[in-house]
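What follows is a set of notes on a single structure, which appears directly below.
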Amino acid sequence: MHKNTDESCVGPYTLPDVLKCSDGRMIDNAFDWVNTRRSEILDIYRRTMYGFLPPRPDKTEFEVISEKNDALDNTAIRKEIRLSFAMNNGRKHSFVMLLYIPKNAAKPVPVFCGLNFKGNHNCTFEDDVEMTGRNSSGELVETERSDQIHRWQFAETVKRGFASATVCYHDIYPDEKDENSWRKSVYNMFFADESNEEFHSHASAVSAWAWGLSRMLDCLESEPLIDSSKAFVHGHSRLGKTSLWAGANDTRFKMVVSNDSGCCGSALLRRDFGETVEIITHYFPHWFVSSFAGYACCEAEIPFDQHWLISLIAPRYAAIGSAEEDLHADPKGEFLSGAHAGRVYNLFGIETYNENTPHPVNSCITGAVSYHIRSGGHDQTLVDWKHYWEIADIIKG
Ligand code: GCU
């Protein structure tokens, strides 16, 4: 499969106009953006790429299954909460959220929400956290503890006055290519009678994960120590694609962090650099509706490009992070989608960076659309977190 990582081989491309409606009308004000164009774009994304999020279940319950008041060396309150969903026809699904809240905060605190790859126990150094994250056979995907703590930075996040919540993404939709794996996902509550073919024509794992992030926020809204009007969604790589899609759908998220989200995340699709639609739909078909694979090798025919996805976050904060050595994710393409989304932010009277704004490695362009590129490879590190905390501090006030 073709994959270019030589900047001098990137050919010319023309981006579809984010402000031009399907009927040819041009949007020139924030009111028309919010009331017509925004929903038109969401609908195009749902039909073409990420499918439809699951509906709301008939019943939802939040049950605190553990609580510790001296967590993280006595700086945090730690809760594990089971989020349970049920349908009137008896179908059920549940997953466990790990939550840290700063201890003794003077007022309710903002919260970061993110999904993790390898289980809640893998994100914290505390060894009494329940092991989560099961594959479609019900086995734990990871029995080691704590090897991704650097991606979470719970202690420092709490020290800076933010709560932080996570759920393992496998527990919402097991991340497996097998076309049956959705039957172990939240979607099974709603579409169990569909064939695999029908299901994959309108739904995807990324939409299930985005739905899970919104359900986490529903739960956090009931926590008195949390100011859920200041909720931030973050995600790395495939979960960065997911945080963008969650933030596009759920405007309660006031900042959307895309960390190394790459192809079908923040990187422009038409720029021939790094991962392509052909590669991603070959290895990960379940992340998209089945018809999206039809755009393999013909990205120019996709009705949108990824600056449209960033635009759906306007006028809220979009924080885009890249890593210099992460060529698979196309750091330049990630930068450019943020630049091109600026036209939509401008409708709200917000100035953002443009494609000529300098962005040297290990610096940060701040603002409603922020961008940084860190030295090193594909990961979410303390350096990335420092940029996200900086933007979160602005929102916190
Ligand atoms: C693969 C995939 C990427 C994805 C990444 C990840 O490399 O090709 O699109 O972002 O996995 O999620 O780590």
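Residue pairs, Cβ under 7 Å, 6 or more apart or interchain, first in segment 308-331 and more than 21 Å from R374 (Cβ to Cβ), second within 13 Å of the ligand (Cβ to nearest atom) and of a type in the set (A, V, I, L, M, F, W, C). List them.
L309/L244
Looking only at segment 383-397, which residues are crowded, with 21+ Cβ neighbours inside 10 Å and of a type in the set (D, E)?
Hit for segment 383-397 is D384, nothing else.
I'd like the full set of residues that are in a helix (DSSP H, G or I), within 16 Å of the ligand (Cβ to nearest atom) and over 16 Å from D218 (Cβ atoms), limited to segment 228-255.
R238, L239, G240, K241, T242, S243, L244, W245
I'd like to know if segment 20-38 contains one or more residues that are in the same structural domain as S337 (by TED's automatic domain parsing) and under 22 Å from C297 (Cα atoms).
no
Please determine, by comparing only the residues of segment 185-214 that are within 20 Å of S291 (Cα to Cα) and without any contact (Cβ under 8 Å) to a residue 12 or more places away in the chain, which one is surrounded by the most Cβ atoms within 10 Å (Cβ to Cβ).
E194
Only helices (runs of 4 or more DSSP H) wholly contained in segment 289-348 count here; list those with 1 or more residues that are within 15 Å of the ligand (Cβ to nearest atom).
By residue number, 307-311, 331-340.
Can you name the number of the only condition in (1) within 15 Å of the ligand (Cβ to nearest atom); (2) surrounded by 24 or more Cβ atoms within 10 Å (Cβ to Cβ); (3) aliphatic (A, V, I, L, M) that I279 fails?
Failing condition for I279: (2).
Given N69, N29, N74, which one is under 26 Å from S266 (Cβ atoms) and exposed (fewer than 12 other Cβ atoms within 10 Å of the Cβ)?
N29 is the lone residue from the list that is under 26 Å from S266 (Cβ atoms) and exposed (fewer than 12 other Cβ atoms within 10 Å of the Cβ).
Among E142, E130, which is within 16 Å of the ligand (Cβ to nearest atom) and either within 23 Å of E176 (Cα to Cα) or touching a Gly at 6+ places or on another chain (Cβ under 6 Å) (or both)?
E142
Examine segment 202-219 for a residue that is over 17 Å from Y50 (Cβ atoms), of a type in the set (S, T, N, Q) and more than 16 Å from the ligand (Cβ to nearest atom), and state whether such a residue exists.
no
If you go through segment 234-254 one residue at a time, do you hit one that is outside the structural domain of F335 (by TED's automatic domain parsing), in contact (Cβ under 8 Å) with a residue 40 or more places away in the chain and touching a Pro at 6+ places or on another chain (Cβ under 9 Å)?
Yes, segment 234-254 has at least one match.
The values are calculated or read from the model by the stated rules, or taken from the named source; none is laboratory data. Since the structure is predicted, the reported quantities are computational estimates derived from the model, not experimental observations. Cβ: placed from backbone, ideal geometry, glycine included. Neighbour counts: every protein chain shown.
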